[in-house]
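Below: the structure, in structure tokens.
The values are calculated or read from the model by the stated rules, or taken from the named source; none is laboratory data. Predicted model only: the values in this text are computed from it and were never measured. Quick reminder, even Gly has a Cβ in these numbers, built from the backbone with ideal geometry, and neighbours come from all protein chains shown. Heavy atoms of the whole protein, side chains included, go into the accessibility calculation; ligands, DNA and RNA do not. Shrake-Rupley method; radii C 1.70, N 1.55, O 1.52, S 1.80 Å.
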Amino acid sequence: MGGSLRITQEEKDALIADQEPSGGLGIDALFIAYVILVFSLIVLLPKIYLASNIYYVSRDIAKLQTQENLLKEENHRLKSELEDVKFKYLMMDLS
């Protein structure tokens, strides 16, 4: 069994001819990929835009609610001070 395995030139040519050239993606595959990309952008960009706007609007609402709470507390404090001043005025009037 000392014989070596030799491939003839015709066998080499047949093997090379049987191989399919791999040139990467075909035009059809690239077109489909671009269509999927464009469709994805059309669907996802409005969603991203709306989610971002909702976030910023909710942040502004939270800020305004905080300001409203502070103003209500200040209004309550001012009403208390007004009542105190009215009470003191009435006490001075009665004296």
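The figures follow:
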read-out: The chain, accessible area per residue, ligands and nucleic acids excluded (1.4 Å, Å²); value: 101
read-out: Answer label for log10 I(q)/I(0) by the Debye sum over Cα atoms at q = 0.11, 0.17, 0.22, 0.23 Å⁻¹ (calculated), chosen among (i) -0.35, -0.79, -1.18, -1.25; (ii) -0.39, -0.97, -1.51, -1.55; (iii) -0.76, -0.96, -1.10, -1.12; value: (iii)
read-out: Computed [θ] at 222 nm, deg cm²/dmol, the chain (DSSP H ≥ 4; -39,500 (n - 2.57); rounded to nearest 500); value: -30500 deg cm²/dmol
read-out: Summed residue charge, Cβ within 13 Å of residue 86's Cβ, Lys/Arg positive, Asp/Glu negative; value: -2
read-out: Dipole of the chain, positive direction: furthest Cα of 50, 61, 30, with charges on the beta-carbon; value: 61
read-out: With every protein chain in place, the range 41-83: carbon and sulfur % of accessible area (1.4 Å); value: 66
read-out: Formal net charge of residues neighbouring residue 53 (Cβ-Cβ distance under 15 Å; K, R +1; D, E -1); value: +1
